[in-house]
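The values are calculated or read from the model by the stated rules, or taken from the named source; none is laboratory data. Fair warning: this is a prediction, and the values are worked out from it, not measured in the lab. We place every Cβ from the backbone using ideal geometry, glycine too, and count neighbours over all the protein chains shown. To get the accessible areas, we keep the full protein, side chains included, count just its heavy atoms, and leave off ligands, DNA and RNA. Shrake-Rupley method; radii C 1.70, N 1.55, O 1.52, S 1.80 Å.
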Amino acid sequence: MDYLSVNQQGWDRRVQTHVTSDFYDVAGFLKGNSSLQEIELAALNVAGKSLLHLQCHFGLDTLSWARLGAKVTGVDLSIAAIEQANLLATQAGLNADFVCTDVYKVGEQVAGQFDIVFTSYGAIVWLPDLDKWAQTIASKLKAGGQFYMVEFHPAQAVFEGYSYFHQDEPDIEDETTYTENATDETDTFVSWPHSLSDVINALIGAGIEIESFNEFPFSPYDCFEGLTKETVEVELPAGNTQCERFYVEQQGQRLPLTYAISGFKKA
């Protein structure tokens with residue numbers, strides 16, 4: 001199976017549903033709201049820095065980083081998503097470059113190196129080879145540049161019946177999308193599980209010196225079955241703010257739902 005074509009077609013068809021959803025809240029973004037979440041906002045200072053966003057979907061997070069002063073480039077597999085990202089940049093009056101390409105071809109399709117490479121929330125499951133992914137990241141970072149990722153925790157997927165450990169054969173599923181305005185229409189997607197050790201070892205092998213690894217007992221998104229919402233006061237660089245968190249408990253104990261890794265390219 002040509003997983004790139006299958007996934008590209010699925011994401012192309014999802015874009016308009018996502019753009020019109022409350023989940024993504026494009027209207028709020030155009031009024032000045034940020035789509036970024038507390039974990040990455042607390043971790044990254046992007047002002048005056050060049051930032052490459054891998055697997056950016058239709059660019060809301062990329063453009064939110066631009067509002068914070070970054071010079072941004074977003075990359076995504078979906079043609080429809082990149083078209084929408086360019087439209088949003090124009091509507092929001094923000095400078096951004098968007099490139100439609102497979103992650104593994106970023107080295108060929110995106111010029112230059114960056115101060116920061118960023119990826120987030122549900123990105124790496126679409127990639128079969130994390131070593132190649134990590135090598136791409138290292139190739140696009142300047143010496144001393146920072147890689148930052150925040151992702152859904154693979155332990156959570158076990159409770160939904162997926163493997164925690166990598167497997168050569170992918171999961172192939174027909175599924176509806178995750179936004180609240182989803183219809184019964186399904187698309188086929190091809191994905192792979194990746195353990196935490198797979199991620200960390202791939203980055204180390206590519207020359208990324210890991211500075212921190214953190215796990216969190218919540219998701220900023222209500223995108224899994226059986227989550228409970230709470231609102232907390234969080235101190236962020238821009239000041240205190242109320243953030244929604246979604247959590248799940250197993251025998252009275254909260255499960256890890258997200259994790260974040262920060263690292264730097266060795267000089």
Qualifying lysines (Cα of each under 24 Å from Cα of Lys229; at least 8 residues distant if same chain): none
Solvent-accessible area per residue for the chain at a 1.4 Å probe radius, Å²? 47 Å²
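Work out, step by step, the length gained on full extension between Gln113 and Asn45: first 0.36 nm times the residue separation, then minus their alpha carbon distance; give nm to one decimal.
22.7 nm
So, counting K/R as plus one and D/E as minus one, what does the shell of residues with Cβ under 14 Å around Ala143 add up to?
Residues close to Ala143 contribute a combined charge of +2.
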Using 1/(1 + (r/R0)^6) with R0 = 35 angstrom and r between the beta carbons of Gln250 and Asp2, what's the FRET efficiency to the nearest 0.05? 0.40
Reach of Lys265 by Cα under 18 Å, taken over lysines that are not fewer than 8 positions away in the same chain: Lys49, Lys132, Lys140, Lys142
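Pop the C-beta distance of Ala27 and Ile172 into the FRET formula with R0 = 41 Å and round what comes out to the nearest 0.05.
Working: r = 35 Å, r/R0 = 0.85.
For Ala27 and Ile172, the calculated efficiency is 0.70.
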Carbon and sulfur together cover what percent of the accessible area of segment 160-267 at a 1.4 Å probe radius? 43 percent
Quick one: in the chain, what % of C-alpha pairs are over 24 Å apart? 48 percent
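How long is the gain from Thr101 to Glu185 if the chain were fully straight, where each residue apart is worth 0.36 nm and the alpha carbon distance is subtracted?
27.6 nm
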Per residue of the chain, what 222 nm ellipticity follows from adding -39500 (n - 2.57) for every DSSP H run with n ≥ 4, rounded to the nearest 500? -8500 deg cm²/dmol
Determine the sum of side-chain charges near Thr228: Lys and Arg each +1, Asp and Glu each -1, restricted to other residues whose C-beta is under 13 angstrom from that of Thr228. -2
Formal net charge of residues neighbouring Phe118 (Cβ-Cβ distance under 12 Å; K, R +1; D, E -1): -2
Given a Förster distance of 45 Å, report the FRET efficiency between Asp12 and Phe159 from their Cβ-Cβ distance, rounded to the nearest 0.05. 0.90
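Arranged from highest to lowest average of other beta-carbon atoms within 10 Å per residue, in what order do the peptides 242-248, 184-190, 40-46, 150-156 appear?
Result, highest mean Cβ count within 10 Å first: 150-156, 40-46, 242-248, 184-190.
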